[in-house]
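Input: a single structure, listed below in structure tokens.
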Amino acid sequence: MFQNLSDKLTSALKHLRGKTVISAQDLEATLKEVRLALLEADVNYKVAKDFCAEIAVLAQGEEVLKSLKPDQQIIKIVHEQLKIMLGSNASDLNLKVAPPAIIMLVGLQGSGKTTSCGKLAIYLRKQLKRNPLLVPADIYRPAAIEQLKTLGKQINVPVYDTQAGQKPLQIAELAVEQARLMGHDVVILDTAGRLQIDTELMQELGDIQASIKPQEILLVADAMTGQEAVNVAQGFSDQLALTGLILTKLDGDARGGAALSMLKVTGQPIKFIGLGEKLDALEVFHPDRLASRILGMGDMLSLIEKASEQINVEDSLKLQKKFQKNSFDLEDFLSQLRMMSKMGSISSLMSMIPGMDKMAKKIDPEAAAKELRKTEAIILSMTKKERLNPDILNGSRRKRIAHGSGTQVQDVNQLLKQFLELKKMMKQFNKMGMGNMMKAMGGKNPLSMLKGL
């Protein structure tokens, strides 16, 4: 989503790198490029203007002028101002109340409210160990109630049994009472949307807000609509006591302006971002991490969190011992590939590693995913004995494996070659240690051993 913005900001700041003295003209030219990059990313004009004006003031300060590396100081200032623009730190949900805490989702039709309800329920149960109740209160959109009930069954989260003829306010009040009686500590209310904000919609939402007094009113906004999402947020914020936003479809072709403008225009923080159709594709919004990624500085904290969700400590220790003994086999290789695919695409993971963003841009995510599926098919076409001992794979066995996996014999040969290179690299790693190993590799990308991965 932020790729074009990241490229252009990096290019603008590149003109300052290495300069021991930065003139007013240098700074003005750079900030002009920064402002243009923000506007092209669909950032609100006033937000972009204020952002550059603040950088100009800070960059002319005594600390920068006397610094031995003023270029680094200015990049640091840009990074800090990006964090402030995005909200500085993650904003927690307000759940410290007598149960049930009530979270009310609002937004226009098609913004992804119902799906976001399911994603939020998964997050609350998995990350915060809560027991949520989903409540369908959209009585106007065909199949909206059934959609949430289906989602509830899919993720094994209880759903209030909304009945025909019930009004949204009645549904909300009865659902909260049921949650209290049944021991649910969070209620997630899916409200109706419209194609545009209207008086009737806002009155209905206002009545629900006044009656059940939700701790959180989260606006679900579609990032793909750019500045229109900001205008919608402003409209809801003017009439409801919003506490934050969920920005959806950030995995698409959105230019990023909505995310960069929301806080300044509405005064409300982005609390979550939706990054795909899968029901676990909802993440806490970390402004500081996103600011680092936009400037090509990586995001190791998010990478570590993604890894910790997939890595079993006991399995990790077993694998470490196998590496040390050089007994790593194709079953281990397959399990690692599967774990990696659950964490996200290769390009997205590499973009989180400082200094790897340029290499990440060269990777085609679809081609990488296709290569991974091919690798998995080849390994699964082997017998367990063959996976544990690849040395026995003679010509006839390789031909059988290729036929069984729908690939060519050269694909099987290529995989085995990569696997042997990986084992050789791990053996050297054990002998030399990380620092010496990287020197020996001469900057070679270890992921290149996985061909398209």
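The values are calculated or read from the model by the stated rules, or taken from the named source; none is laboratory data. Fair warning: this is a prediction, and the values are worked out from it, not measured in the lab. Neighbour counts are summed over all protein chains in view; Cβ atoms, including those assigned to glycine, are modelled from backbone coordinates with ideal geometry. What goes into the accessible areas is simple: the full protein's heavy atoms, side chains included, and nothing from ligands, DNA or RNA. Shrake-Rupley method; radii C 1.70, N 1.55, O 1.52, S 1.80 Å.
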### Residue-normalised accessible area of the range 65-183, given per residue in Å² at a 1.4 Å probe
50 Å²
### Task
Tabulate in residue order the Karplus-calculated ³J(HN,Hα) for the range 9-15, using 6.51 cos²θ - 1.76 cosθ + 1.60 with θ = phi - 60°, rounded to whole Hz; enter x for Gly and Pro.
5, 4, 5, 5, 6, 4, 5
### Query
What ³J(HN,Hα) values, in whole Hz, does the Karplus curve 6.51 cos²θ - 1.76 cosθ + 1.60 give for the range 136-141 when θ = phi - 60°, with x put for Gly and Pro?
x, 10, 8, 8, 9, 7
### Task
Calculate, in nm to one decimal, what L388 and R194 gain on full extension: separation in residues at 0.36 nm each, minus their alpha carbon distance.
64.1 nm
### Query
Where does each of 48-55, 415-422 land if you order them by average Cβ count within 10 Å, highest first?
48-55, 415-422
### Summary
Each label sits 7 Å from Cα toward the beta-carbon; between E54 and L36 the label points are separated, in nm, by 2.4 nm
### Query
Counting Lys +1, Arg +1, Asp -1, Glu -1, what net charge surrounds L134 among other residues with beta carbon under 9 Å of its beta carbon?
0
### Task
Would you please give the FRET efficiency between M339 and A377, computed as 1/(1 + (r/R0)^6) with r the Cβ-Cβ distance and R0 = 22 Å, to the nearest 0.05?
0.80
### Message
Quick check: at a probe of 1.4 Å, how many percent of the accessible area of the range 139-184 sits on carbon and sulfur atoms?
### Response
54 percent
### Summary
Spelling it out for R194: with amide H atoms placed in the peptide plane at 1.01 Å from N, the residues 5 or more places away or on another chain with amide H under 5 Å from its amide H are Q109
### Summary
With a ≥ b ≥ c from the Cα gyration tensor eigenvalues, square-rooted, and the rule rounded for a/c under 1.5, otherwise prolate when a/b > b/c and oblate otherwise, the range 168-262 is prolate
### Task
Set the Förster radius R0 to 56 Å, insert the Cβ-Cβ distance between D329 and A29 as r into 1/(1 + (r/R0)^6), and round the FRET efficiency to 0.05.
0.50
### Query
So how much slack lies between E277 and D92, counting 0.36 nm per residue of separation and subtracting their Cα-Cα distance, in nm?
64.3 nm
## Note on the structure
Under 5 Å from the placed amide H of G244, counting only residues 5+ away or on other chains, we find I217, L219
### Message
Only sites in a loop by DSSP and with at most 16 other Cβ atoms within 10 Å count here; which trypsin sites (Lys or Arg not before Pro) in the range 114-149 make the cut?
### Response
K129
### Query
How large is ³J(HN,Hα), in whole Hz, for each residue of the range 371-383 in order, when computed from phi with the Karplus curve 6.51 cos²θ - 1.76 cosθ + 1.60 and θ = phi - 60°, using x for Gly and Pro?
5, 5, 5, 5, 4, 4, 4, 5, 5, 5, 7, 8, 6
### Task
Determine, from the Cβ-Cβ distance of E228 and L181 and an R0 of 35 Å, the FRET efficiency 1/(1 + (r/R0)^6), rounded to the nearest 0.05.
0.25
### Task
Could you list which residues have their amide H under 5 Å from that of G276, counting only those 5 or more apart in sequence or on another chain, with H placed in the peptide plane?
K249, L250, D251
